[in-house]
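One structure is given here, and the rest of the page talks about it.
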Amino acid sequence: MLYQIREAQRAILNPVSDWAESLSQLYANPYSPFSYLPFANRVAAGLELLHRLGKEYEKPEFGLTSVTIDKQEVPVTERVVVTRPFCRLLKFERVLPKSLAAHADDPSVLMFAPLSGHHATLLRDTVRAMLPDHNVYITDWIDARMVPVSKGEFHLHDYVGYVIDFVRHLGPNVHLISVCQPTVPVMAGVSLMATLGDKHLPLTMTMMGGPIDPRASPTEVNNLATNHNFGWFERNLIYRVPAKYPGAGRRVYPGFLQHAGFVAMNPDRHLNSHWDFYLDLVRGDLDDADSHRGFYDEYNAVLDLPAEYYLDTIKTIFQEHQLPLGLWHVPFEGKSIRVAPEDIRNVALFTIEGELDDISGSGQTHAAHRLCTGIPAAHRKQMTAEGAGHYGIFSGRRWREMIYPKIKAFIRAYPERIPASRKAA
């Protein structure tokens with residue numbers, strides 16, 4: 001019922017938002033006589049703020065149409081490489097001229113975007129930084145409300161299956177990067193491949209700000225999962241998609257609930273941000289106003305998660321800690337296989353955490369080193385980015401200047417597979 005109430009609210013707010021946007025232009029456009037009235041700038045600013053608070057935020061575009069390589073501007077196109085019911089594997093195709101043909105052999109990077117409420121475009125800055133030096137692929141998750149019920153369910157073990165599927169498709173000479181929540185299914189996928197002796201194992205895996213072991217430095221996100229029993233999540237957070245969408249009837253964890261949770265973690269910060277946006281408009285500080293628009297166009301665009309995937313994640317990762325305890329068994333190719341990170345022996349590992357991360361606390365990602373004992377210590381690396389919060393480890397100045405150069409060097413250090421070790425390091 002809550003989803004239907006939300007849809008009714010949207011039906012009311014959307015025309016109000018459109019009205020506010022039109023009226024704002026009436027007071028802001030220099031060709032309008034209303035823009036010369038006293039306090040016109042304040043009226044226009046207030047109306048635009050009302051518009052942005054009430055509007056519906058659709059999935060943004062990546063908008064990466066070109067990249068500069070060796071001082072030459074190179075066109076970039078998005079190409080769908082693999083299509084699955086709940087995900088598309090995208091490649092950012094660099095249309096290289098003959099003078100840059102050697103860059104076709106740049107390392108291939110498969111980037112796993114979070115399936116935790118936001119779209120893959122949240123990693124736009126991550127992709128932008130990597131494009132000049134890598135062939136970049138990314139998982140573009142599909143909003144569950146747009147997936148017909150006939151396509152079946154999507155569980156956490158299905159995510160693990162997608163990991164293996166995509167890695168096998170791109171071949172053995174690929175480097176994996178997982179940001180936030182995907183660190184866990186990526187760890188599981190690579191572990192299963194190692195256990196099965198799969199020849200398509202990646203060369204490296206870089207894990208950034210993820211809950212490998214949520215027991216280390218629990219955050220508010222972790223506490224929410226442990227302070228309620230499993231039934232509470234199913235009763236209070238799972239709803240069926242309304243009839244107007246292709247996924248009508250599918251059980252989901254709605255994106256608007258996830259978004260409300262994000263905002264509730266730092267309500268003062270968001271309130272101050274909107275007030276600053278209003279003041280920037282009044283002062284005519286258009287650069288800061290554009291930055292605000294860009295951030296919230298992304299932050300407010302959310303997707304629904306399949307209910308079974310969300311509930312599996314709560315139970316397996318945050319309540320029962322099955323990965324660090326060695327208790328996680330995944331159905332794969334007709335068998336139930338234990339996730340055994342210790343079986344990974346010839347894939348280099350790099351873990352990255354943000355010093356100020358309030359979503360994945362200190363030590364949660366670095367815990368991967370304690371699990372991947374089969375990887376020689378010389379081929380395991382970790383980094384804690386000083387002054388970086390959760391989003392700062394994959395977006396913004398610290399990402400570009402502090403973290404990305406380390407990842408680039410790490411990937412370049414492994415053009416070939418490291419030899420497998422028979423002993424735990």
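A short reminder: the numbers here are calculations on the coordinates, not readings from a lab. Everything numeric here is computed off the predicted structure, so don't read it as measured data. With ideal geometry, Cβ positions are generated from the backbone for all residues, glycine too; neighbour counts draw on all protein chains shown.
Annotations for the structure displayed:
- Considering region 110-268 at the alpha-carbon level, its Rg and Dmax are found to be 17.2, 51 Å.
- Normalised by the number of residues in the chain, the mean separation of alpha-carbon contacts (under 8 Å, six or more apart) gives a relative contact order of 18 percent.
- Ordering of 303-309, 227-233, 237-243 by packing is 303-309, 237-243, 227-233, highest average first (other Cβ atoms within 10 Å, averaged per residue).
- Dmax and Rg, reported as Rg then Dmax, of region 1-137 (C-alpha, Å): 21.7, 61
- Amide H to amide H, with H built 1.01 Å from N, GLN382 comes under 5 Å of THR351, counting only residues 5 or more places away or on other chains.
- Centroid-to-centroid separation of region 219-289 and region 311-341 [C-alpha atoms, Å]: 27
- Taking 25 Å as the limit for the C-alpha separation, the pairs LYS91/LYS335; LYS71/LYS98; LYS71/LYS406; LYS71/LYS91; LYS199/LYS315 exceed it in the case of LYS91/LYS335; LYS199/LYS315.
- Peptide ranges 398-406, 106-114 listed from the most packed, as the mean C-beta count within 10 angstrom indicates: 106-114, 398-406
- Listed values for region 198-207 are Karplus-derived 3J(HN,Hα) couplings in whole Hz (6.51 cos²θ - 1.76 cosθ + 1.60, θ = phi - 60°), namely 5, 6, 9, 3, x, 6, 9, 9, 10, 10, and x replaces Gly and Pro.
- Relative to the 2.2 N^0.38 Å rule of thumb, the chain has a C-alpha radius of gyration ratio of 1.04.
- A helix-only calculation puts the chain at -11500 deg cm²/dmol for mean residue ellipticity at 222 nm, using -39500 (n - 2.57) for each DSSP H run of at least four residues, averaged over all residues.
- More than 20 Å apart - percent of Cα-Cα pairs taken over region 309-425: 55
- Relative contact order of region 12-107, defined on C-alpha pairs under 8 angstrom at six or more residues apart (%): 19
- Distant-in-sequence amide H partners of VAL81 (H built 1.01 Å from N, under 5 Å): LEU89, LEU90, LYS91
- Average Cα contact separation per residue, region 112-251, under 8 Å, 6 or more apart, as relative contact order %: 28
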